[in-house]
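No value in this document is a laboratory result; all are computed from the given coordinates. Model, not experiment: these values are computed from the prediction. We place every Cβ from the backbone using ideal geometry, glycine too, and count neighbours over all the protein chains shown.
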Amino acid sequence: MSGGWSGEWRLVFRDRAYMTTLLLLGLLAASTFAAGHLRAQAQRQRCFEYQRENQEQQAILMGAFASEEDRDDFTRWAGRQLSPAEEARARQLQSRARTPLLLAYLSDIWRTWLPPSPLAPLSVGESAAWPESYLLRSESTGATLNVSRLSNPFHARTGMFDLSLLVVVLLPLSVIVALHDLISAERERKTLRLILTQPVSLWGVCLRKLIVRLSGIIVVVVGVPWLGLLWTGAEPGNPQVVARFAAWGMLVALYALFWGGLAWLVNAFRGSSVSNAVLLTLAWVLLVIVVPPRLAQQVAEAWPVESPAILMGREQALLRAHEEAEQQRYEQFQAEQSEEDPEARREQWQAIAQASEQALDSQLQELVRMHFQRYEARQAARGRWEWLSPALGMKSCCDLLAGTDASHYRLFARYTGEFQESLRRYWMAMAESEREPTRETMLAMPVYANPGIELVVPWRGLLLRAGSLLAASLLLFLVGGWLLQSRADPG
């Protein structure tokens, strides 16, 4: 400790326990980033498949306006060999191509999709809880949660081990391993008095050791993902990506600084290395393991939210009730004696069916809207209690900056609804004007493309969290420094 900064770095490199900790931390950071990258790659590949499906459906619809001998050449329109079931579906689709009203309410034909954020490998977030694609239904965009892998989205910690969980849970443990004997080790070796006989202050000696050891941990945790982004080509030159990653790195550094300040304070009480390790581990258990799940449970009880499985059940119940009522209305309509023209009767039934579909659409949209409102109220409640544990705020920040938080998926759901509504308006306007679809109108129809959803990062909220971490860290350092200074006998 007596050789200044260079001497401190030499001591660190000779510390096998510290270097082993850095090595394990680096390997875990690399493996979690790689797993996140593979998940993002798989999602990106699925998006390409969804885009190909939409293009295929549009080509089949355009084939309905070809000559009779070319109309059934589905291999040409789809660009691949279709199975018998797919051919039957393609024929059914082409049979509707000349009726705008039917085109306005096509079901299970068009898809929307959400590409992964460039920083998605940093955190799974809510990506395991909300849909990354929607298969549009004629009834509503609300009936879109039928995804088999959905799970309860509200947890302080995501069940899947990812980079954000590494930061929130294991980074503090690494700091504890590196700094639990910040002062006590020299005292136990009886070298602290010798060091202080030189023209150095106790503050300077301890801070130098703390900064060197913390910087090594921060460089590993932040540097490995950045190298991963460079290696995978995830838009590292994009200013928005750079700004968000820099904010993530700053928050990781402040989170590590908070735990460094806690280690500084505990060491200032002049306990042994073992007692310091025990106290710091107890603090870690309380702030990382106990408080977040307990808070999650309390908030879940105060703001109950239906699980996606229950929500899907309610959607299916509404759909079944609608189908039964629709069948009864149709039978009653058919039983009515009328001398009206068959074409007028058909238009009358279409108007009744359309009104029924719109009523169902309103019910389903209200169901999902209320679900999102309750979910967001729960998230807001959790945010109000984040001051109880830095782990809660850190996890929320990781999700926000990675683009995997619930607000991002809510925005995607809104874009999906807007796209479906634009399709309906397009074909309904054609139906009202009594124009027949043509190849040109098929080309001009609204087509879903990657909406390029800009991540709306609440920088003010992030700065408040960063300021809170910094203020808490400074308080710990000041109290610890006062305790160190008040000890007349440092040894």
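Per residue, the average separation of C-alpha pairs within less than 8 Å and at least 6 apart gives the chain a relative contact order of 26 percent.
The calculated FRET efficiency for the pair Trp9 and Leu463, based on their C-beta separation and a Förster distance of 35 Å, comes to about 0.60.
Distance between the modelled labels on Val242 and Leu101, one decimal in nanometres: 5.7 nm (7 Å Cα→Cβ projection).
The phi torsions of region 14-22, fed into the Karplus equation with coefficients 6.51, -1.76 and 1.60 and a -60° offset, translate into couplings of 8, 7, 5, 4, 5, 5, 5, 4, 4 Hz, rounded to whole numbers, with Gly and Pro shown as x. Footprinting exposure proxy ranking of Lys395, Lys190, Lys209, fewest other C-beta atoms within 10 angstrom first, gives Lys190, Lys209, Lys395. Note on Ile310 and Ser407: with the Förster distance fixed at 22 Å, the Cβ-Cβ geometry gives a FRET efficiency of about 0.50. Sum up the charges of everything whose Cβ sits under 12 Å from the Cβ of Ala317, counting Lys and Arg as +1 and Asp and Glu as -1, but leave Ala317 out. Residues close to Ala317 contribute a combined charge of -1. What percent do you get for the relative contact order of region 1-87 when only Cα pairs under 8 Å and 6+ apart count? This gives 13 percent for region 1-87.
Give the angle, between 0 and 90 degrees and rounded to the nearest 10, that separates the Cα long axis of helix 390-402 from the longest principal axis of the Cα atoms of the chain. With rounding to tens, the tilt is 50 degrees. Treating the Cα atoms of the chain as identical point scatterers in vacuum, please give the log10 of the normalised Debye intensity I(q)/I(0) at q = 0.07, 0.10, 0.11, 0.12 Å⁻¹, two decimals. The computed values of log10 I(q)/I(0) come out as -0.53, -0.86, -0.97, -1.09.
Exposure proxy for Ser127, Ser422, Ser133: other Cβ atoms within 10 Å of each Cβ, ordered fewest to most, give Ser422, Ser133, Ser127.
Sequentially through region 253-265, phi angles give Karplus couplings (6.51, -1.76, 1.60; θ = phi - 60°) of 5, 5, 5, 5, 5, 4, 5, x, x, 5, 5, 4, 5 Hz, Gly and Pro residues having no value and appearing as x. Sparsely packed loop sites in region 332-417 (the GluC sites (Glu not before Pro) outside DSSP H, G, I, E and B with at most 12 other Cβ atoms within 10 Å) comprise Glu336, Glu339, Glu340. Scaled against 2.2 N^0.38 Å for its residue count N, the alpha carbon radius of gyration of region 252-330 is 2.23. Relative to the longest principal axis of the chain, what angle (0 to 90°, nearest 10) does the C-alpha long axis of helix 202-232 take? Helix 202-232 sits roughly 30 degrees off the main axis of the chain. With both labels modelled 7 Å from their Cα along Cα-to-Cβ, the Leu227 to Trp203 distance reads 3.7 nm. Over region 360-491, how many percent of alpha carbon pairs lie in each 5 Å bin up to the one with the longest distance? Going out from 0 Å in 5 Å bins, region 360-491 shows 2, 7, 11, 13, 11, 10, 9, 8, 6, 5, 4, 3, 2, 2, 1, 1, 1, 1, 0, 0 percent. Model label points for Gln298 and Ala344, set 7 angstrom from Cα along the Cα-to-Cβ axis, are 6.9 nm apart. Going by neighbour counts of Cβ atoms within 10 Å, the residues Arg16, Arg137, Arg424, Arg346 line up, fewest first, as Arg16, Arg346, Arg424, Arg137. Using 1/(1 + (r/R0)^6) with R0 = 45 angstrom and r between the beta carbons of Ala34 and Ala359, what's the FRET efficiency to the nearest 0.05? Working from the Cβ atoms, E equals 0.35. Cα centroids of region 310-374 and region 378-454: 25 Å apart.
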